[in-house]
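Worksheet for the structure shown next.
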Amino acid sequence: MSGMTFTRREVLAGLAAAPMVAAKKKPVVGVELYSVRDQLKQDLFGTVREVAKLGYECVEFYSPYFEWTPDYARKVRALLDETGLKCLSTHNSARSFLSENLGKAIELNQIIGSKMVVMASAGGKIADLDGWKRVADTLTAGADKLRPLGMRAGFHNHQTEFRPIGDVRPMEVLAKNTPKDVVLQLDVGTCLEAGTDPVQWVKQNPGRIASAHLKDWGPDQGYKALFNEGAVRWKPLLDALEKTGGIEFYLIEQEGSRFEPMDTIKRCLESYRKLRGKK
């Protein structure tokens with residue numbers, strides 16, 4: 001190779017043609033605060049501090065946050081900064097995506113540092129696939145407004161979205177009719193209960209599952225099964241999310257259990273760390 005010389009243009013061209021290799025960031029682990037909803041209603045600040053002490057890295061606030069004032073949101077942001085927690089996403093009712101409300105959702109999310117506004121329910125009963133296409137249109141319009149701000153829209157499934165209308169699942173309609181940067185936030189337990197293999201779903205939607213709710217489910221315990229106690233095959237699912245799904249953060253969520261709520265999410269985090277070989 002000695003004696004070969006290259007112009008600056010040739011060097012730059014070579015760099016541009018070379019494949020970009022970037023180290024994948026390990027997904028952070030947080031909690032959907034609906035898991036401790038009663039405590040949160042009584043004492044939001046104390047509850048968030050307690051969550052931080054358990055070792056969680058981020059939190060997700062759910063729909064009541066939309067009633068906050070900007071001043072209150074700034075106090076919450078100060079609390080997050082104090083504890084070292086991040087808020088990477090929020091759960092929202094469908095009305096938060098209406099044109100007259102999205103501006104407020106954006107403002108509150110920007111204050112607390114969240115860059116993902118997730119529609120947690122389509123609102124009301126949607127009887128046909130055309131109705132789900134209209135939901136997709138709403139998500140697309142929201143994504144178009146969020147994108148220039150460095151933010152993303154998302155949709156969170158429950159059982160309904162995986163139960164077919166005819167031979168088509170509503171989640172397929174949402175995935176097909178929204179931009180690729182609309183996050184398909186996976187609620188694992190409800191996906192499984194509705195009869196869909198979550199691993200297969202992740203593989204069918206590469207790069208779109210930036211966030212997932214680690215909720216287990218079992219035929220005997222239902223959603224009271226703690227993480228890794230139910231029917232979910234967690235290891236292949238987490239592997240698929242990290243290799244294919246584009247996962248950025250996990251959120252533990254429990255609708256209840258045989259333990260107190262704070263003890264419940266403590267046990268779930270410990271089980272997750274044991275499964276992934278983390279302390």
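The values are calculated or read from the model by the stated rules, or taken from the named source; none is laboratory data. Quantities reported herein were computed from a predicted structural model and do not represent experimental measurements. Neighbour counts are summed over all protein chains in view; Cβ atoms, including those assigned to glycine, are modelled from backbone coordinates with ideal geometry.
Numbers at a glance
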item	result
Filter result for Q221 (within 15 Å of the chain's Cα centre (by Cα) and under 25 Å from R276 (Cα atoms))	no
Residue satisfying all of: in region 66-87; more than 26 Å from R267 (Cβ to Cβ) and in contact (Cβ under 8 Å) with a residue 40 or more places away in the chain; farthest from the chain's Cα centre (by Cα) among these	P70
Contacts under 7 angstrom Cβ, first residue in region 218-230 being within 16 Å of P198 (Cα to Cα), partner among the β-branched types (V, I, T), 6 or more apart	F227/I252
Close pairs (7 angstrom Cβ cut-off, 6 or more residues apart or separate chains): part of a helix (DSSP H, G or I) in region 155-176, among the β-branched types (V, I, T) anywhere	F162/T196; P170/T160; L174/V135
Residues located in region 141-151, provided they are surrounded by 16 or more Cβ atoms within 10 Å (Cβ to Cβ) and either in contact (Cβ under 8 Å) with a residue 60 or more places away in the chain or part of a helix (DSSP H, G or I) (or both)	G142, A143, K145, L146
From D181, D130, residue being outside any loop (DSSP other than H, G, I, E, B) and among the acidic types (D, E)	D130
Of residues in region 235-279 being more than 15 Å from H213 (Cα to Cα) and assigned to a loop (DSSP other than H, G, I, E, B), the one modelled with the lowest pLDDT	K279
Positions within region 211-227 being outside any loop (DSSP other than H, G, I, E, B) and among the polar types (S, T, N, Q), in sequence order	S211
M171, sole failed condition from (1) in contact with a strand residue (DSSP E or B) (Cβ under 9 Å, 6 or more places away or on another chain); (2) of a type outside the set (F, W, Y); (3) closer than 22 Å to V31 by Cα	(3)
